[in-house]
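A.B. asks: Next up is a structure, given as structure tokens.
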Amino acid sequence: MSFYKLTHRDYFEALKEGRLMGLKCRECGAYTAPPKVCCDGCGGTGVETVQLSGKGVIKTFTVIRVAPEGLEAPYIVAMAELEEGPWIMGNILDVDPDKAGMDLIGKKVAVDHKVLPPLNYTSGEGVAPVFKIIS
Ligand SMILES: [Zn+2]
């Protein structure tokens, strides 16, 4: 039995299948994503696994121009506030990083994913959130 109601492995497996999972607190009602041992709202452990809408709004972003080994720059890393409240990090692939400007902030997005190849410093293939601009 894990301390985690929702493990990172299950979170990323679901993401790969197109579902964004999170935790909902039975005590304060706050949502937590990516998964943690306790609630982001109150620190309580009375959390249960729920599927999130996968919709959010871009709150901030940066353009990476020097990539970690195995990845190619430039690319955009953004933080989106989900409809349920938590902020998650992800890439924006459908915008040219050289043209990314402040107008990205406030854009509505849907959470998708991309599969990352195994890298020297990872244990096999990975999966990462991607934000698709919807309006
Ligand atoms: Zn709570």
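A.B. asks: Can you pull out every residue in segment 1-31 that is crowded, with 16+ Cβ neighbours inside 10 Å and over 20 Å from ALA110 (Cβ atoms)? Reasoning before the result, please.
C.D. replies: Taking segment 1-31 and keeping what is crowded, with 16+ Cβ neighbours inside 10 Å, we get 4-6, 11-12, 14-15, 20-25, 30-31.
Result: TYR4, LYS5, LEU6, LEU23, LYS24, CYS25, ALA30.
A.B. asks: Within segment 32-54, how many residues turn out to be under 17 Å from ALA110 (Cβ atoms) and touching a Lys or Arg at 6+ places or on another chain (Cβ under 7 Å)?
C.D. replies: Looking only at that region, the number is 1.
A.B. asks: Before we move on, is ASP103 outside the structural domain of LYS36 (by TED's automatic domain parsing) and assigned to a strand (DSSP E or B)?
C.D. replies: no
A.B. asks: For segment 53-70, enumerate the residues that are closer than 27 Å to THR122 by Cα and in a loop (DSSP other than H, G, I, E, B).
C.D. replies: Listed by number, the residues that qualify are GLY54, ARG65, VAL66, ALA67, PRO68, GLU69, GLY70.
A.B. asks: If you scan segment 96-128, which residues turn out to be open to solvent by 70 Å² or more (accessible area, probe 1.4 Å) and among the small types (Gly, Ala, Ser)?
C.D. replies: SER123
A.B. asks: Here's another thing I want to ask about it. Taking segment 19-52, which residues are hydroxyl-bearing (Ser, Thr, Tyr) and in a loop (DSSP other than H, G, I, E, B)?
C.D. replies: If we filter segment 19-52 for residues that are hydroxyl-bearing (Ser, Thr, Tyr), which is where we start, we get 31-32, 45, 49.
Result: THR45, single match.
A.B. asks: Mind checking which residues of segment 75-95 are within 21 Å of ARG65 (Cβ to Cβ) and open to solvent by less than 70 Å² (accessible area, probe 1.4 Å)?
C.D. replies: TYR75, ILE76, VAL77, ALA78, MET79, GLY90, ASN91, ILE92, VAL95
A.B. asks: Can you tell me which of GLY54, GLY44 is within 7 Å of the ligand (Cβ to nearest atom) and either open to solvent by less than 50 Å² (accessible area, probe 1.4 Å) or farther than 29 Å from LYS114 by Cβ (or both)?
C.D. replies: That would be GLY44, the only listed residue that is within 7 Å of the ligand (Cβ to nearest atom) and either open to solvent by less than 50 Å² (accessible area, probe 1.4 Å) or farther than 29 Å from LYS114 by Cβ (or both).
A.B. asks: Just wondering, is there one or more residues in segment 73-80 that are within 16 Å of the ligand (Cβ to nearest atom) and in contact with a Gly (Cβ under 7 Å, 6 or more places away or on another chain)?
C.D. replies: The answer is no, given that none of the residues of segment 73-80 is within 16 Å of the ligand (Cβ to nearest atom) and in contact with a Gly (Cβ under 7 Å, 6 or more places away or on another chain).
The values are calculated or read from the model by the stated rules, or taken from the named source; none is laboratory data. All figures in this text were calculated on a predicted structure; none of them were measured in a lab. Because the Cβ atoms are built from the backbone with ideal geometry, glycine has one as well, and the counts that use them run over all protein chains shown. Surface accessibility is based on the protein's heavy atoms, side chains included, excluding ligands, DNA and RNA. Shrake-Rupley method; radii C 1.70, N 1.55, O 1.52, S 1.80 Å.
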